[in-house]
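Worksheet: one structure, shown below.
The values are calculated or read from the model by the stated rules, or taken from the named source; none is laboratory data. Because the structure is predicted, anything quoted here is derived from the model rather than measured. Neighbour counts run over all protein chains shown; Cβ positions are idealised from the backbone, glycine included. Ligands, DNA and RNA are excluded from the accessible area calculation, which covers all protein heavy atoms including side chains. Shrake-Rupley method; radii C 1.70, N 1.55, O 1.52, S 1.80 Å.
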Amino acid sequence: MTTTLLGAVEAGGTKFVCGVGTADGKVLDRTQFPTTTPEETIQQVEAYFAKHEIQALGVGSFGPIDPVKNSPTYGYITSTPKQQWGDYNFLGRLKQSFQVPIGFDTDVNVAALGEWTFGAAQGTDSCVYITIGTGFGGGAVIAGELLHGLSHPEMGHMLVRRHPQDSFAGLCPFHGDCLEGLASGPALQQRWGKPANELPKDSIAWDIEAYYLAQSLAAIILILSPQKIILGGGVMKQEQLFPLIHKQLQQLLNGYVRHEAILKSPEHYIVPPGLGDNAGLCGALALAQQTLLQSN
Ligand code: ADP
Ligand code: ZN
């Protein structure tokens, strides 16, 4: 019996990662290249998969996108300021190149699917995946399904209460001091005048960061009650953030959500990605497999 080969694309605003693998989440080969114009970038995607005979493709895309299947603009990248990618029919263009079933969703929803299928959230009914990097985004699997609605969740733009010692204005072009405006990698860099990875581990920067992250997690827990929360992205490489977040979250919720995951063992509840930097790619394999099964 031959194994089904699946294709995966992690389409980021800065770089694209393409890979091939199997339905059990094993990545057999991968490559990456910078994101340039849509046409040039997609030609590179085509060139990569020309070397591999895939039977379905899963794509996790930067956004905002339209992920709603019955919408006329399903598969479009919608309002990005990124040159030439705004109002771009990304999925439509991929369908011209690849005559296989294609699953399409946000980068963070796909990463959530990866962690739920193969990683830290295996065996749960629901999980939220958050990335804190250049931006701040969140995706979710709820009762085994990726979370959509009007569009997709935009957890990074929720509003938070200010830390009393933080006077940084925030850098979100839409909201100023929303979560992304205050707690993304670029926000840290602008507030403290140096890249986040150069800040000392005991800097107050991390207490302030944890204060904002804990608020976002409290809101997520109160709204979705997920069984696992995964925190990834460049900023979360600062592992000292985890215990700070756990403590601040317990203080914020103040015993109200009475579950041992929060009261006793937040270190098993709010965790780094089980798949490390592969959550997106493995999630795209899982999405490819789902799409293949649904097309049969
Ligand atoms: P992207 O969001 O572009 O996919 P990343 O998740 O790596 O990529 O996020 C990049 C951001 O994360 C940058 O703002 C950078 O300053 C920050 N970052 C990357 N590595 C670290 C680190 N080790 N510690 C703190 N911040 C980091
Ligand atoms: Zn915002």
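Here are the numbers for the structure shown:
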item	result
Selection within the range 94-119 - surrounded by fewer than 24 Cβ atoms within 10 Å (Cβ to Cβ) and in a loop (DSSP other than H, G, I, E, B)	F98, Q99, V100, P101
In the range 125-156, the residues that are touching a Phe, Trp or Tyr at 6+ places or on another chain (Cβ under 7 Å) and surrounded by fewer than 23 Cβ atoms within 10 Å (Cβ to Cβ)	G156
W206 more than 16 Å from ligand 2 (Cβ to nearest atom) and crowded, with 20+ Cβ neighbours inside 10 Å	yes
Total residues in the range 6-43, condition farther than 21 Å from V108 by Cα and crowded, with 18+ Cβ neighbours inside 10 Å	0
Identity of the residue in the range 157-172, on the phi < 0 side of the Ramachandran plot, over 16 Å from the mean Cα position of the chain (by Cα) and within 16 Å of ligand 1 (Cβ to nearest atom), that ends up most open to solvent (accessible area, probe 1.4 Å)	L171
Test: residue in the range 184-195 that is modelled with pLDDT of 95 or more and touching a strand residue (DSSP E or B) at 6+ places or on another chain (Cβ under 6 Å)	yes
Single unsatisfied condition, A169 versus (1) within 14 Å of ligand 2 (Cβ to nearest atom); (2) under 23 Å from I229 (Cα atoms)	(2)
The range 217-241 residues that are over 18 Å from V141 (Cβ atoms) and in contact (Cβ under 8 Å) with a residue 60 or more places away in the chain, paired with ones that are open to solvent by 40 Å² or more (accessible area, probe 1.4 Å) and part of a helix (DSSP H, G or I) (beta carbon under 9 Å, 6 or more apart)	G234/N197; V235/N197
Selection status of G181, outside any loop (DSSP other than H, G, I, E, B), in the same structural domain as A218 (by TED's automatic domain parsing) and in contact with a Cys (Cβ under 7 Å, 6 or more places away or on another chain)	yes
Residue count for the range 82-93, restricted to those that are in contact (Cβ under 8 Å) with a residue 40 or more places away in the chain and part of a loop (DSSP other than H, G, I, E, B)	4
Unique residue being hydroxyl-bearing (S, T, Y), within 19 Å of the chain's Cα centre (by Cα) and within 12 Å of ligand 1 (Cβ to nearest atom) when the list is S203, S184	S184
Selection from the range 254-276 of residues that are in contact (Cβ under 8 Å) with a residue 12 or more places away in the chain and of a type outside the set (A, V, I, L, M)	P266, E267, Y269, P272, P273, G274
